[in-house]
Amino acid sequence: QVQLVESGGGLVQPGGSLRLSCAASGSIARIDAMAWYRQAPGKAREWVATIWSGGNINYVDSVKGRFTISRDNAKNTWYLQMSSLKPEDTAVYYCNLAHNFGLTWGQGTQVTVSS
(Lines give C-alpha, C1' and ligand atoms only; values in the text may rest on other atoms or scores of the structure.)
Protein backbone atom coordinates (compact mmCIF):
# COMPACT_ATOMS: atom_id res chain seq x y z
CA GLN A 1 0.00 0.00 0.00
CA VAL A 2 1.29 3.43 -0.95
CA GLN A 3 0.70 6.41 1.31
CA LEU A 4 1.36 10.10 0.77
CA VAL A 5 1.87 12.65 3.53
CA GLU A 6 1.66 16.33 2.68
CA SER A 7 2.96 19.27 4.65
CA GLY A 8 3.66 22.96 4.28
CA GLY A 9 0.32 24.67 3.83
CA GLY A 10 -0.77 27.74 5.74
CA LEU A 11 -1.79 31.36 5.62
CA VAL A 12 0.32 33.77 3.61
CA GLN A 13 -0.10 37.35 2.43
CA PRO A 14 -0.41 38.17 -1.26
CA GLY A 15 3.02 38.20 -2.84
CA GLY A 16 4.37 35.75 -0.30
CA SER A 17 5.80 32.27 -0.67
CA LEU A 18 5.14 28.77 0.61
CA ARG A 19 6.66 25.38 -0.05
CA LEU A 20 4.57 22.24 -0.02
CA SER A 21 6.07 18.80 0.45
CA CYS A 22 4.71 15.34 -0.28
CA ALA A 23 6.43 12.21 0.96
CA ALA A 24 5.57 8.78 -0.40
CA SER A 25 5.97 5.55 1.52
CA GLY A 26 5.17 1.91 0.88
CA SER A 27 6.09 -0.67 -1.70
CA ILE A 28 6.78 1.44 -4.76
CA ALA A 29 8.47 -0.38 -7.60
CA ARG A 30 8.06 2.30 -10.24
CA ILE A 31 7.16 5.98 -10.21
CA ASP A 32 5.73 7.39 -13.43
CA ALA A 33 4.89 10.93 -12.32
CA MET A 34 4.56 13.17 -9.29
CA ALA A 35 1.96 15.90 -9.43
CA TRP A 36 0.10 18.62 -7.59
CA TYR A 37 -3.56 19.51 -7.88
CA ARG A 38 -5.70 22.07 -6.08
CA GLN A 39 -9.35 22.61 -5.31
CA ALA A 40 -10.77 26.00 -4.48
CA PRO A 41 -14.09 26.34 -2.64
CA GLY A 42 -17.00 25.61 -4.95
CA LYS A 43 -14.74 24.62 -7.84
CA ALA A 44 -13.57 21.40 -9.41
CA ARG A 45 -10.15 19.99 -8.63
CA GLU A 46 -7.55 21.52 -10.94
CA TRP A 47 -4.25 20.12 -12.10
CA VAL A 48 -1.32 22.41 -11.19
CA ALA A 49 1.99 20.75 -12.09
CA THR A 50 3.61 17.44 -12.94
CA ILE A 51 7.17 16.19 -12.87
CA TRP A 52 7.57 13.04 -14.94
CA SER A 53 9.92 10.17 -14.25
CA GLY A 54 12.16 11.28 -17.10
CA GLY A 55 12.40 14.78 -15.67
CA ASN A 56 10.00 16.67 -17.91
CA ILE A 57 7.88 19.24 -16.12
CA ASN A 58 4.52 20.78 -16.98
CA TYR A 59 2.55 23.59 -15.35
CA VAL A 60 -0.92 25.00 -15.72
CA ASP A 61 -0.65 28.41 -17.36
CA SER A 62 -1.91 30.29 -14.31
CA VAL A 63 1.13 29.29 -12.21
CA LYS A 64 3.92 29.40 -14.80
CA GLY A 65 6.78 31.56 -13.63
CA ARG A 66 5.51 31.56 -10.04
CA PHE A 67 5.45 27.90 -8.98
CA THR A 68 8.24 25.34 -9.21
CA ILE A 69 7.85 21.60 -8.85
CA SER A 70 10.88 19.54 -7.85
CA ARG A 71 11.69 16.17 -6.36
CA ASP A 72 14.14 14.25 -4.23
CA ASN A 73 14.22 10.75 -5.68
CA ALA A 74 16.21 9.32 -2.79
CA LYS A 75 13.45 10.35 -0.39
CA ASN A 76 10.48 9.70 -2.70
CA THR A 77 9.49 13.27 -1.92
CA TRP A 78 8.41 16.10 -4.17
CA TYR A 79 7.82 19.75 -3.58
CA LEU A 80 5.85 22.70 -4.84
CA GLN A 81 7.60 26.01 -4.29
CA MET A 82 4.98 28.73 -4.62
CA SER A 83 6.00 32.36 -4.98
CA SER A 84 4.21 35.60 -5.78
CA LEU A 85 1.08 34.06 -4.35
CA LYS A 86 -2.27 35.56 -5.23
CA PRO A 87 -5.65 35.33 -3.47
CA GLU A 88 -6.87 33.16 -6.33
CA ASP A 89 -4.26 30.56 -5.40
CA THR A 90 -6.26 29.87 -2.24
CA ALA A 91 -7.25 26.21 -2.29
CA VAL A 92 -6.68 22.82 -0.78
CA TYR A 93 -3.60 21.44 -2.49
CA TYR A 94 -3.31 17.70 -3.12
CA CYS A 95 -0.30 15.72 -4.19
CA ASN A 96 -0.70 12.78 -6.53
CA LEU A 97 1.58 9.91 -7.39
CA ALA A 98 1.33 7.70 -10.48
CA HIS A 99 3.11 4.45 -9.74
CA ASN A 100 3.16 0.75 -10.52
CA PHE A 101 -0.01 0.10 -8.48
CA GLY A 102 -1.98 3.00 -9.92
CA LEU A 103 -2.71 6.46 -8.50
CA THR A 104 -2.48 7.64 -4.92
CA TRP A 105 -3.64 10.97 -3.49
CA GLY A 106 -2.43 12.87 -0.49
CA GLN A 107 -4.80 14.08 2.22
CA GLY A 108 -4.64 17.70 1.11
CA THR A 109 -3.22 20.80 2.73
CA GLN A 110 -4.89 24.20 2.92
CA VAL A 111 -3.21 27.20 1.36
CA THR A 112 -4.85 30.55 2.07
CA VAL A 113 -3.59 33.74 0.48
CA SER A 114 -5.06 36.74 2.20
CA SER A 115 -4.08 40.04 3.74
| Where residue 101 falls short, out of the listed (1) under 16 Å from residue 6 (Cα atoms); (2) open to solvent by 70 Å² or more (accessible area, probe 1.4 Å); (3) not basic (Lys, Arg) | (1)
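If you scan the stretch 18-67, which residues turn out to be closer than 15 Å to residue 110 by Cα, out of contact with any Lys or Arg (no Cβ under 6 Å at 6 or more places or on another chain), surrounded by 12 or more Cβ atoms within 10 Å (Cβ to Cβ) and not aliphatic (A, V, I, L, M)?
Taking the stretch 18-67 first, the residues closer than 15 Å to residue 110 by Cα are 18-22, 36-43, 45-46, 48.
Pick out the ones that are also out of contact with any Lys or Arg (no Cβ under 6 Å at 6 or more places or on another chain) and you get 18-22, 36, 38, 40-43, 45.
Keeping just the survivors that are surrounded by 12 or more Cβ atoms within 10 Å (Cβ to Cβ) gives 18-22, 36, 38, 40, 45.
Within the stretch 18-67, 19, 21, 22, 36, 38, 45 meet the criteria.
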| message | As an exercise: evaluate residue 64 against (1) under 19 Å from residue 17 (Cα atoms); (2) basic (Lys, Arg); (3) touching a residue at least 12 places away in the same chain (Cβ under 8 Å) and give the number of the one condition it does not meet. | response | (3)
| If residue 87 satisfies every condition in (1) loosely packed, with under 12 Cβ neighbours inside 10 Å; (2) without any contact (Cβ under 8 Å) to a residue 24 or more places away in the chain but one, which is the exception? | (2)
| query | Taking the stretch 65-91 as the search range and keeping residues that are more than 10 Å from the chain's Cα centre (by Cα) and among the hydroxyl-bearing types (Ser, Thr, Tyr), which one is farthest from residue 54 (Cα to Cα)? | reply | 90
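The values are calculated or read from the model by the stated rules, or taken from the named source; none is laboratory data. Not measured: the values here are computed from a predicted model. Counting neighbours? That spans all protein chains shown, and the Cβs are built from the backbone with ideal geometry, glycine included. With ligands, DNA and RNA removed, areas are computed over all heavy atoms of the protein, side chains included. Shrake-Rupley method; radii C 1.70, N 1.55, O 1.52, S 1.80 Å.
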